[in-house]
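A short worksheet on the structure shown next.
The values are calculated or read from the model by the stated rules, or taken from the named source; none is laboratory data. Model, not experiment: these values are computed from the prediction. Positions of Cβ are generated from backbone atoms using ideal geometry, with glycine treated the same way; all protein chains shown enter the neighbour counts.
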Amino acid sequence: MNYVKTTLKFTKVRLNRSTFTKIDTMQHQNIRFTGTTNSEFYKVLRTRVNSYFKEKNISRHANSKMVIKTIAMLSIYLTPLVVLLTLDLSFPLYMLMWIIMGIGMAGVGLSVMHDANHGAYSKNESVNRLISKVMILLGGSDVNWRIQHNVLHHTYTNVADVDEDIKPPSFILRFSPHAKRNKLHRFQFIYAWFFYGMMTMMWSTTKDFQQALRYKSKGLIETQKISFRKHLFTIIISKLAYHAVFIGLPLLFNVAPWYWLALGWLTMQFICGVILAAIFQPAHVVPTSDYPLPDDSGNVDADWAVNQLYNTANFAPKDPILSWYVGGLNFQVEHHLFPNICHVHYPNISKIVKETASEFNLPYHSYNTFFKALKEHTKMLYNLGKYDNAPAIH
C-alpha cells in the first residue's frame, strides 16, 4: 500500500446495501493492522522521543505544573458548588456558578482524568487509578471510559464500526462515510451541537449501563481485570454518589427553588458537553481523515502509527492558554502516538513528530487556529450529511 496525502472528496454516488451489511457484521471480529508501508516510521519516532526525555533528564509523566493545574481545575469545578451550598444567591449569580462548574467539569475531564486514565499522570499505576476516580465527580465510569477511549478509539482510530467515537446514534448523526445516511443528516451541521451538549447528560444517567452490557457481550470488561458484577455495582454506587453531591446537596442546603437547580444542572452539563465535543470532534471528524475500512477478514491495510497520522489533526498549536485548559489535546497527533506521555510535554515533542513525519513523506495535519478546526469539522458534518459515498480506502 502506498500512502499518499489525500483530502476526503465526496460525489453523489450511492453505496449499495451490501457495503453497509459487511461493515455491520465486522464489529465482533479481531481487527488487525496489516500494512507494512512506512512501518519504520514509529520505530524511528519512538527512539527520538525516548532520546529527548533521556537527554533532558526529565520524566515523561506529570511535573509540578501538572499538579498545580490539577488543583486549579478541581477548584474551578468544585468551588462554585461550595458557594451554592453556603450563600443565598440571586438567579443570575446562581446560574453563573453552574456555568463556571460546566467549564471546570470539562477542564477536569480534559486535563486531569484523561491523563490518569491513560497511565500518563504518574509512573505509579496506583496513583493513576486513584486520580482516575475523579470520574465519579464527572458522573461517569472510569472502566467504561478506558474501554471506549483507550481500547477502541486509540487502537482503532476512525475504523468503521469499531471506533465508538465515530459511531453515534445513526438516526441522528453520521460521523463516518461508511455509515448509512438518511435525510435528517442533511441538517446535522446545524443541530449537531445541540446533541453534543447532551453528551454528559447521557453519560451521567444511562450511557454507562448500556456500555457495560455491550462490553460484557464483547468480552471487553475482563480486559480491565474486573468482573461484570463488580463493575455494575460500582457504576450504581458512583451514580448515587454523583447525584447525591450535585443534586441532593443543593436541594438540601440551598434555598433556591428546585427549577433553578434543574436549569443550573442542565446548563452545566450542556456547557461541558459542547466543550468536550469542540475539542475531540475536530481532531478526527474532519476532511483530512481517510476512515480505513477492514476487509472481510478484519484486516486493515495500514500501519497503526501511520493510521493515526491520517486520521488525527492538531489545532491552535501556538495558543498556550487553550492548550493549558484542554490538557494539551490540541496536540492530538502527539497524544495518539504517545498516549502514555503526560500532555505537558506535547508542545516539545510535537517538533520531533512533525519532522519525522516529513522525513517519511507522511501527513501531519494541523490547523493554525481553533476556529479553523471547528470550521473544518462543520464542513465535514455537512459533507457527511449531504453525500452517500465513502472516500478511497487504503
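Condition check for TRP324 on (1) of a type in the set (Phe, Trp, Tyr); (2) in a helix (DSSP H, G or I); (3) over 27 Å from ARG129 (Cβ atoms): one failure, at (3). Applying the criterion of at least 3 residues that are closer than 22 Å to ILE226 by Cβ and among the polar types (S, T, N, Q) to the helices (runs of 4 or more DSSP H) found wholly in the range 58-176 leaves 125-132. Screening TYR191, TYR215 for residues that are under 30 Å from ASN311 (Cα atoms) and either surrounded by 20 or more Cβ atoms within 10 Å (Cβ to Cβ) or in contact with a strand residue (DSSP E or B) (Cβ under 6 Å, 6 or more places away or on another chain) (or both) leaves exactly one candidate, TYR215. Look at (1) over 24 Å from TYR242 (Cα atoms); (2) hydroxyl-bearing (Ser, Thr, Tyr); (3) at pLDDT 95 or above and you find that THR79 fails only one, number (1). Regarding SER358, is this residue surrounded by fewer than 20 Cβ atoms within 10 Å (Cβ to Cβ) and among the hydroxyl-bearing types (Ser, Thr, Tyr)? Considered against the rule, which asks whether it is surrounded by fewer than 20 Cβ atoms within 10 Å (Cβ to Cβ) and among the hydroxyl-bearing types (Ser, Thr, Tyr), SER358 comes out as yes.
Entry remark, the range 146-178: residues being aromatic (Phe, Trp, Tyr) and touching a helix residue (DSSP H, G or I) at 6+ places or on another chain (Cβ under 6 Å) number 1 in total. Being on the phi > 0 side of the Ramachandran plot and either among the polar types (S, T, N, Q) or surrounded by 17 or more Cβ atoms within 10 Å (Cβ to Cβ) (or both) is the requirement here; does ASP161 meet it? In short, yes.
Being under 26 Å from VAL300 (Cα atoms) and touching a residue at least 60 places away in the same chain (Cβ under 8 Å) is a property that does not hold for LEU374.
Total residues in the range 252-288 satisfying the condition of being at pLDDT 95 or above and touching a Phe, Trp or Tyr at 6+ places or on another chain (Cβ under 7 Å): the figure is 10.
Of all residues in the range 311-325, those being surrounded by fewer than 24 Cβ atoms within 10 Å (Cβ to Cβ), without any contact (Cβ under 8 Å) to a residue 60 or more places away in the chain and within 19 Å of the chain's Cα centre (by Cα) number 4. Here's a check for you: in the range 120-155, which residue that is touching a Pro at 6+ places or on another chain (Cβ under 9 Å) and farther than 24 Å from ILE237 by Cβ is surrounded by the fewest Cβ atoms within 10 Å (Cβ to Cβ)? So the residue we want is HIS154.
On the given criteria, is ASP115 among the acidic types (Asp, Glu) and crowded, with 23+ Cβ neighbours inside 10 Å? When the stated conditions are applied, ASP115 passes them. The condition (being among the small types (Gly, Ala, Ser), within 30 Å of SER90 (Cα to Cα) and surrounded by 16 or more Cβ atoms within 10 Å (Cβ to Cβ)) is satisfied by just one residue among GLY264, GLY248: GLY264. Annotation: of all residues in the range 290-310 being part of a loop (DSSP other than H, G, I, E, B) and in contact with a Phe, Trp or Tyr (Cβ under 7 Å, 6 or more places away or on another chain), the one that is surrounded by the most Cβ atoms within 10 Å (Cβ to Cβ) is ALA302. Inspect the range 199-207 for any residue being of a type in the set (Lys, Arg), surrounded by 13 or more Cβ atoms within 10 Å (Cβ to Cβ) and under 30 Å from LYS379 (Cβ atoms) and give the result as yes or no. Looking for residues that are of a type in the set (Lys, Arg), surrounded by 13 or more Cβ atoms within 10 Å (Cβ to Cβ) and under 30 Å from LYS379 (Cβ atoms), one finds at least one in the range 199-207, hence yes.
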